[in-house]
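Report on the following structure.
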Amino acid sequence: MDTKELLKKVRKIEIKTRRLSDHIFSGEYHTSFKGRGMTFSEVRQYQYGDDIRAIDWNVTARYNEPYIKIFEEERELTMLLMVDVSGSENFGSKNQYKKEIVTEIAATLAFSATQNNDKIGLILFSDETELYIPPKKGRSHVLRIIRELIEFEPKSKQTDVSQALKFLSGTQKKKAIVFLISDFMTEEYENTLKIASKKHDITGIRVYDIREEKMPNVGMVSMLDAETGQTVLVDTSSKSVRLNYEKYYQDKVNYFKETFRKSGSGTVNTRVDESYVTKLLGYFKSR
């Protein structure tokens with residue numbers, strides 16, 4: 001992809017996702033994720049209905065009438081986008097690949113954080129950490145993140161969510177809002193998620209394609225595993241083959257749901273041909 005084409009793609013994604021974040025997500029994001037604490041703002045005269053525990057007794061004694069302390073939420077947060085760039089993300093049976101939807105979701109979340117003056121960082125991972133962009137503020141920083149999401153070429157095509165979570169725990173010392181975006185067609189990340197979720201507010205966003213849920217009956221088919229590069233001949237007319245595949249797929253989905261639930265982390269499931277806008281809004285409101 002040449003520079004002109006890349007910039008055109010970045011601009012297209014910015015226009016679409018920024019409109020969403022400006023008009024739909026920014027308010028929901030603000031109310032869904034709390035700041036680090038409360039900071040003192042000012043004092044004012046006591047009004048009927050105010051919490052008496054907020055009375056400032058020194059000021060009250062000085063003016064001989066009750067005054068209360070006003071606190072504001074310390075809003076500045078750090079958002080980290082952890083994005084799976086393994087081979088399976090380059091799959092799509094409709095008009096879009098999973099990777100394209102993942103990029104749009106990440107961009108929308110990043111612009112929502114920018115609206116709240118939060119820092120945004122990026123971790124791209126396969127079975128290793130492929131790229132780390134430390135959290136910073138600003139539009140130009142978000143555009144750099146979008147560029148990387150569009151054009152980055154990973155060294156590996158395999159997936160290891162556990163390794164990515166270990167990198168998160170080792171790198172991000174302060175609490176962060178973390179969105180882990182993947183198809184989660186892997187396991188063995190329960191312990192690392194449990195550790196990371198004790199410090200960070202983590203949400204797993206599972207992006208999947210309708211053709212991954214069930215194997216169609218179309219006879220003998222040559223299938224390529226995008227992560228291992230192996231090609232196998234599969235008899236899709238065999239009921240047992242189709243059932244075994246569906247069980248394998250469902251086991252991965254159940255593992256994702258249960259593991260995140262046990263760790264106290266949130267989940268969003270969105271299919272490539274569905275509206276991720278609806279799914280994210282529903283999730284924010286449910287918090």
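The values are calculated or read from the model by the stated rules, or taken from the named source; none is laboratory data. Being a predicted model, the structure only gives us computed values, none of them experimental. Reconstructed Cβ throughout: ideal geometry from the backbone, glycine too, with neighbour counts over all protein chains shown. These area figures cover heavy atoms from the full protein model, side chains too; ligands, DNA and RNA do not enter into them. Shrake-Rupley method; radii C 1.70, N 1.55, O 1.52, S 1.80 Å.
For the reader, a short list of remarks on this structure follows.
- Computed on the chain, with alpha-carbon pairs under 8 angstrom and 6+ residues apart, the relative contact order is 18 percent.
- Measuring nothing but how far apart in sequence close Cα pairs (under 8 Å, 6+ apart) lie, relative to its length, the range 154-279 scores a relative contact order of 29 percent.
- The range 129-134 - phi-based ³J(HN,Hα) in whole Hz, Karplus 6.51/-1.76/1.60, Gly and Pro as x: 7, 7, 7, 10, 10, x
- Here's the picture: charge each Lys and Arg Cβ at +1 and each Asp and Glu Cβ at -1 in the chain, and of PHE184, ILE68, TYR245 the one pushed furthest to the positive end of that dipole is ILE68.
- With contacts taken as Cα pairs under 8 Å and at least 6 residues apart, the range 165-219 reaches a relative contact order of 45 percent.
- Overall form of the range 183-287 per C-alpha gyration tensor (a/c, 1.5; a/b vs b/c): prolate
- Cut-off 10 Å between beta-carbons: net charge of the residues surrounding SER88, Lys and Arg +1, Asp and Glu -1: -4
- The range 220-287 - percent of accessible surface contributed by carbon and sulfur, probe 1.4 Å: 52 percent
- Based on protein heavy atoms only, the range 194-282 ends up with 55 Å² per residue of surface accessible to a 1.4 Å probe.
- Under Karplus coefficients 6.51, -1.76 and 1.60, residue-wise ³J(HN,Hα) of the range 142-151 in Hz, glycine/proline x: 4, 5, 5, 4, 4, 4, 5, 4, 7, 10
- Formal net charge of residues neighbouring LYS247 (Cβ-Cβ distance under 15 Å; K, R +1; D, E -1): -1
- Alpha-carbon geometry of the chain: the Rg and the Dmax are 22.8, 88 Å, given in that order.
- Within the range 193-287, GluC sites (Glu not before Pro) in DSSP loop having at most 15 other beta-carbon neighbours inside 10 Å: GLU274
- Between the amide H of MET79 and those of LYS119, ILE120, GLY121, ILE177, distances stay under 5 Å, these residues lying 5 or more places away or on another chain, with hydrogens modeled in the peptide plane.
- Per residue solvent-accessible surface (Å²) - the range 86-168, probe of 1.4 Å: 41 Å²
- Table column - 3J(HN,Hα) (Hz), the range 263-274, Karplus curve with 6.51, -1.76, 1.60, x for Gly and Pro: 7, x, 9, x, 9, 9, 10, 9, 8, 3, 8, 9
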